[in-house]
4 protein chains.
Amino acid sequence: MSARGAKAGPMVDVQSMKDERRVPIKKVGVKGVRYPITVLDRANTIQHTTATVNLYVDLPHDFKGTHMSRFIEVFNDHRRDLSMPRFLAMLDELRSSLDAETAYCDLHFSYFIEKTAPVSGQKSMMSYECSYEGSSSGSEREFWVTVQVPVQTVCPCSKAISDYGAHNQRGLVRARVKLGPFFWIEDLVSIVESSASCDVYTLLKRDDEKFVTERAFDRPMFVEDVVREVYTRLLAEGSFPKFSVEAENFESIHNHSAYALVEYDSAANQPG
Amino acid sequence: MSARGAKAGPMVDVQSMKDERRVPIKKVGVKGVRYPITVLDRANTIQHTTATVNLYVDLPHDFKGTHMSRFIEVFNDHRRDLSMPRFLAMLDELRSSLDAETAYCDLHFSYFIEKTAPVSGQKSMMSYECSYEGSSSGSEREFWVTVQVPVQTVCPCSKAISDYGAHNQRGLVRARVKLGPFFWIEDLVSIVESSASCDVYTLLKRDDEKFVTERAFDRPMFVEDVVREVYTRLLAEGSFPKFSVEAENFESIHNHSAYALVEYDSAANQPG
Amino acid sequence: MSARGAKAGPMVDVQSMKDERRVPIKKVGVKGVRYPITVLDRANTIQHTTATVNLYVDLPHDFKGTHMSRFIEVFNDHRRDLSMPRFLAMLDELRSSLDAETAYCDLHFSYFIEKTAPVSGQKSMMSYECSYEGSSSGSEREFWVTVQVPVQTVCPCSKAISDYGAHNQRGLVRARVKLGPFFWIEDLVSIVESSASCDVYTLLKRDDEKFVTERAFDRPMFVEDVVREVYTRLLAEGSFPKFSVEAENFESIHNHSAYALVEYDSAANQPG
Amino acid sequence: MSARGAKAGPMVDVQSMKDERRVPIKKVGVKGVRYPITVLDRANTIQHTTATVNLYVDLPHDFKGTHMSRFIEVFNDHRRDLSMPRFLAMLDELRSSLDAETAYCDLHFSYFIEKTAPVSGQKSMMSYECSYEGSSSGSEREFWVTVQVPVQTVCPCSKAISDYGAHNQRGLVRARVKLGPFFWIEDLVSIVESSASCDVYTLLKRDDEKFVTERAFDRPMFVEDVVREVYTRLLAEGSFPKFSVEAENFESIHNHSAYALVEYDSAANQPG
C-alpha cells in the first residue's frame, strides 16, 4: 500500500492491515500515562490522587497494530472511580473496545493515610506508593495490590555485639498480594508497619521521638525478620491465595541496601 | 539471648542463630552496590565500566540470617573479570561461601561501542545499558543477558495519512535472551539496531543527518513491527532457548510511550 | 551536657543549645516530604494533586539546630489551600513558628489540564510538572513558578537537507517566572505550547494525528527557536520581572538531548 | 529559503542563518551524553569510569543555531584525559571550535576509592558521585568540583532524650568547591568522611560493625553539625575561594530527609 494513495480517499487504517510474520504480541499499548484518579479511602470514602498508568492488550499474530487512542478513551471514562471492582470493569471494557483476548493494567499511585503520632497524638499525612495490577481475559481475572511501606529497622547483630548503640535505618517493605475477598489498603499497611522495629511518621514531637527510638531499639530486626513477620501475618489473615514480601534496608553503615524476599503460593507445597 | 552477655565473651554470631518461624527465604543479600568492573569487549579485549550489582542467596527456614559481608568479598575478588564464564564461577563461589542452595546475581552496567557515522565515517562512543542475570544451584545454572538499544522509529500511520512529514521519535528496545552458546553483546545490539526505522548515533554530521532522516522515513515501523522484527531475527539466530523483546517509543505527539512485548520459549508450543 | 542527665528531668531541647562554631546556616529543614495538596484551577476552582515539598529556614550561627517537626505542622495546616497568596502566608507562618529571618519552600506538583484534540474534539487530561518556589524574609518576598511543558519539535536542518521527511521528537520546555501580578498556570502553559512545532496530547484520533503531523512539519524549530519564541512572548506579556526558559529535545537521531537556555532580568541591561 | 532549493546544490547550513528576534542564548548544546572517560587517580594514576556530560556554549542573538556535532567531536578527543587542567583545555577548544564567547561543561561521574575496613583491614571499593563544572570565556575560567559522600549520622536529640538507643541513618553530604590550587578528590572525600558521626563502608566484618556502631554513637550529629564541621575544615584548608556544603539525612524515623546548607564566599563579608 502506498501512503500517497491513502491521502486521496478516506484515511487508511494502517493498524488493521494484515501482518504476515506470524508473531503474536503478548502486550501492546500505552505506558507511562500520568493521570489524576480517585480511589476508595476507608476514612474519607474517596481519595483524590495522581497515577502513572500502563494499559495493554494482546494482539493476534495476523494484525499489524493496535489502536492506541482507545486505551486513553476507556481509562479517561473510568478515572473518577477506580475502586477495585470498577478497575476490573475497566479492564473488561478495554478488552472489548480493543477486540482483544486479554487486557492488562498497571496503575501506580501515591496513597495517603492520616497518621497519629504515638505520644503527642499529632496528626499528619503519610504517603504510601501503591499499585494495582490486573488482567482480564474473559472468565479469568487477576487482581494484585502492592503497597510500599517505609519502616525503621534496628540491626540485631549491631545491637548484640556493640557495647552501646545499634545501627538502624529506614527500610522499605513491599507487600504484593493477590486479591481474594475485598480488603483495605489501610489494613495491609497496618500489618507491615507493626512487623518492623518501628513504623515511621511524617510528624513526631520530642516525646514521640523518644518513644520510637526506644521501641525500635527494643525490637531489633534484620530484613530476614521483617519479611518473615509480614509473611506470617499475611498467612494468618487467610485471604490471599498468593503473595510476596520484599524488605530493603537503606543501611546506615553501608552505601547499599540489605534485601530479602519471601513468596507464598497456596497452590504450591508449603515448607513446614 | 541478651546483648549484654554477648559483649563479655567472643562476639555472638546472631545470623547463625536458629529461627523458629518456618519461613524459608527465597532471596537475601545486598542490593544496589556500585562497583567498577571489567567485561569482555570484542574490539578491545576488555572494557572498563561501572556497574550496579545485586547479590542474593536463598536461606533455609531454620537460619536467622545470612552473612552480608561475604557477598562483597566474593564479588570484589571477581570484579576484574566478569566475562560470562567467570560470572557463573563467581556465582558458584557465592553459593559455597554462603553455604546456600542457590546464588543469584543481577549486574547492570553501561557498555560502550565505538560507532561510525553512516556517511561521514566519523567515530564516537555509543552507550548501551546492559545486564547479566544469573543463578547457580548446583547442577542447574541460568544466564540471561539484556541489552537496551536506543533506536529511531517513524510512525507508519502518521506517514500514511499525512500529506507530508510523519511523526517519529526515539525508542528503546530491550532484548533479554537466555544464553545458549557464547555470543557478543555487539551482535545482539546489531540485530536490534537493524530492526528499527533507523539506528541512533552520538555524532552525526550534516551528510549523516540527511541519510538517517531519509532512511528512517523509508522504513516506518510501529512498536509492534520493531518487536516482531527483532523476534524473527533472534529466532533465526537459533541460539537462544528463551527470549523476550520489548519496544518503547517516547512518542513525539504524546507525553507517554507506546509499548509492545513479545516472548519466545523453545519449550512451549509456538504459534505458527 | 550528658544524655543520661537529660533522662531524669524534663526532656532536654538539644536543638536550642548554643553553638560555638560561628557558622550561620543558610537553609535547614525538611526535604522530600510527599503530601496531598489543593491548588487553584481555572476551570474547576480547585484541583487535588500530590506534591513533593521542601521547607527550610535560615539558622543563626549561635543556635545548634532547628525544630524539624514545626515545618510539618505549619505545612499540614495549609495543604488544603495552596493558592499563590496562601503559599506566601504559609511562609510567613513558618518564619514566625521557627523564629527565623527567612523561610523557604519548594513545592513540586503535577498539574492537570483537560485538553481538547484539535480535530476530533476528544477530551483527555494532560499532566504538567510544576513548582512554586518562594521565600519570605519580613518585608521581602519572592515567588517563582515553573511549568514544564512537553512539546513536539521538527528539526529545521533535517527538513532542509533531506529529500523527504524530517526528524522530530518530544521536547520539554521549562519556563520559570518570577511573579508580578497574579496569572494562571493555564496561560503560561498556553504560551509555551503555541511556541513549539506543535503541542502534544494524551488522546489523538487519526484525524488529529494527521493534523499534528502536518502542523509540526510546517513549523520546524530548533531548541534555540523554541526558547526565543517563548522569551519573546513572555516579554510581550509584560508581567514577569525575571524569567528563564529552557528547552530540551529528546533527539530522535541521538541518544542524548539538544538543550538551550535564555534568561531575562528587567533590572539588567537587555540587548536589543 | 526553501528546503527544496537546498537539495539541488550543496547542503544548506540552516544553523548559520541569521536570526532577527534579537534574543541572545545563554547556553546551547548537548545534554545527557553518556561516555566512558579517564580521570586522575591518586592511588593508581588513572581511573576508568563512566560519565554523563553536558556541553554548552553561548550563542549571539543574530545566529539561528549552534552546531551540535562539534561538541561531541571535541569531547571525544579529550575523553581519555580529563584531569582538571585538560578539562579546561577541552573547554577552550570547544569555545574556539564553536566560535563562542563562553564554553561550559558539566561532567558527572562515579569515582571509586579503595577503602580499608577500620578493624579487620578488609578492602573494598567505595563509589562517590562527583562532578566537574567549568566554564571558559577567554581570560576568565571557572572550575568547580562536587563530591557526594555517603555518611552515617546519629541524632543527638534522640540520644539525649531516650533511655537507650538513638536513631541513626545514612546521610549524603555534597561538598562543592571552587578550585584554587590543585587538590585530590580523595582529600575532599576524607574531609567529609571525618566530619560525620561515622563514615560508611562497602565491606565490614563483625569487628568493624561493632567499631562503627560505637564510634557513631559517640559522635551524634545533626545535619546542622555536619555542614558546620565540613565548613570549618574546608575553611581551614584555605585553598577554596568559594564553596557550599549540603547535608541530607535519610531519616530513619521519617519518610523524608533532614537537610542543611552552608555557603562560603571569600569575597563576601564572613560572619564571625
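The values are calculated or read from the model by the stated rules, or taken from the named source; none is laboratory data. Here the structure is a predicted model, which is why all the values come from computation and not from measurement. Here the Cβ positions follow ideal geometry from the backbone for every residue, glycine too, while neighbour counts run over all protein chains shown. The protein model used for the area step is the full one, side chains on, heavy atoms only, and it has no ligands, DNA or RNA in it. Shrake-Rupley method; radii C 1.70, N 1.55, O 1.52, S 1.80 Å.
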- Task: Please report the base-10 log of the normalised intensity I(q)/I(0) for the stretch A:89-227, using a Debye sum with one equal scatterer per alpha carbon and no solvent, at each q in 0.15 (1/Å).
- Result: -0.80
- Percent accessible area from carbon and sulfur atoms, the stretch B:155-252, protein chains only, probe 1.4 Å: 50 percent
- Identity and axial distance of the chain C residue whose Cβ lies nearest the axis relating C to A, Å: C:H48, 2
- For peptide B:222-234, compute the average count of partner chain beta-carbon atoms within 10 Å of each residue's beta-carbon. 4
- Note on the structure: Applying the gyration tensor rule to the Cα atoms of the protein assembly as shown (axes a ≥ b ≥ c; rounded if a/c under 1.5, else prolate if a/b exceeds b/c, else oblate), the class is rounded
- For the stretch B:27-41, which residues drop by 10 square angstrom or more in accessible area between the chain on its own and all protein chains together (1.4 Å probe)? B:K27, B:V28, B:G29, B:V30, B:K31, B:G32, B:V33, B:R34, B:Y35, B:P36
- Task: Any lysines with Cα under 16 Å of the A:K178 Cα? List them, leaving off those in the same chain fewer than 8 positions away.
- Result: A:K242
- Task: List the residues whose amide H sits under 5 Å from the amide H of C:Y111, counting only those 5 or more places along or on another chain, with H placed 1.01 Å from N in the peptide plane.
- Result: C:Y128, C:E129, C:C130
- Item | Derived scalar couplings ³J(HN,Hα) [the stretch C:73-78; Karplus, 6.51 cos²θ - 1.76 cosθ + 1.60; whole Hz; x for Gly, Pro] | 4, 5, 5, 4, 5, 9
- Message: Give me the residues in the stretch D:134-180 whose solvent-accessible area, probe 1.4 Å, is reduced by at least 30 Å² once all protein chains are included instead of the chain isolated.
- Response: D:Q152, D:C157, D:A160, D:I161, D:S162, D:D163, D:Y164, D:G165, D:N168, D:R170
- Show which lysines lie in cross-link reach of A:K123 when reach means a straight Cα distance below 28 angstrom and same-chain residues fewer than eight apart are skipped. A:K115, A:K205, A:K210, C:K7, C:K27, C:K31, C:K64, D:K159
- Note on the structure: Inter-copy distances for B:G121, label 7 Å out on the Cα-Cβ vector, sorted ascending, nm, one decimal, are 5.7, 6.0, 8.3
- With the full set of protein chains present, the residues of the stretch D:49-73 whose 1.4 Å probe accessible area falls by 20 Å² or more relative to the chain alone are D:T50, D:Y56, D:K64, D:M68, D:S69, D:I72, D:E73
- Carbon plus sulfur fraction of accessible area for the stretch B:36-153, probe 1.4 Å, in percent: 44 percent
- Query: How much accessible area per residue does the stretch B:158-272 have, in Å², with a 1.4 Å probe?
  - Reply: 32 Å²
- Message: Just checking the output field for D:112-119: average partner chain Cβ neighbours within 10 Å of each residue's Cβ?
- Response: 1
- Accessible area per residue, 1.4 Å probe, Å², for the stretch D:33-153: what's the number? 36 Å²
- Query: With springs only between Cα atoms under 10 Å, which of C:V245, C:V230, C:V12 fluctuates most in a Gaussian network model of chain C?
  - Reply: C:V12
- Message: Is the C-alpha gyration tensor of the stretch A:30-80 telling us rounded, prolate or oblate? Criteria: a/c under 1.5 is rounded; beyond that, a/b larger than b/c is prolate, otherwise oblate.
- Response: prolate
- Task: May I ask you to order D:40-52, D:21-33 by the average number of other C-beta atoms within 10 Å around their residues, highest value first?
- Result: D:21-33, D:40-52
- Message: Show me you know the interface measure: the accessible area buried between C and A, both chains summed, probe 1.4 Å, in Å² to the nearest 100.
- Response: 2600 Å²
- Honestly the stretch C:24-114 on the Cα gyration tensor test (a ≥ b ≥ c root eigenvalues; a/c under 1.5 rounded, otherwise a/b vs b/c for prolate or oblate) is just prolate
- Query: Residue-wise, which Karplus ³J(HN,Hα) couplings in Hz belong to the stretch A:223-239, taking 6.51 cos²θ - 1.76 cosθ + 1.60, θ = phi - 60°, and x for glycine or proline?
  - Reply: 4, 4, 5, 5, 5, 5, 4, 5, 4, 4, 6, 5, 5, 5, 4, x, 9
- Message: Can you list residues from other chains, or at least 5 along the same chain, whose modelled amide H is less than 5 Å from the amide H of D:A51?
- Response: D:Y35, D:I37
- Query: For the stretch A:105-239, what proportion of DSSP beta bridges, expressed in % and rounded to the nearest 5, is antiparallel?
  - Reply: 100 percent
- Whose amide H sits under 5 Å from the amide H of B:Y201, counting only residues 5 or more places off or on another chain, with H placed in the peptide plane? C:H254, C:N255
- So what's the Cα pair-distance distribution over chain B, bin width 5 Å, in %? 1, 5, 11, 13, 13, 13, 12, 9, 7, 5, 4, 3, 2, 1, 1, 0, 0
- Note on the structure: So the FRET efficiency between D:T116 and B:E140, C-beta based with R0 = 41 Å and rounded to 0.05, is 0.65
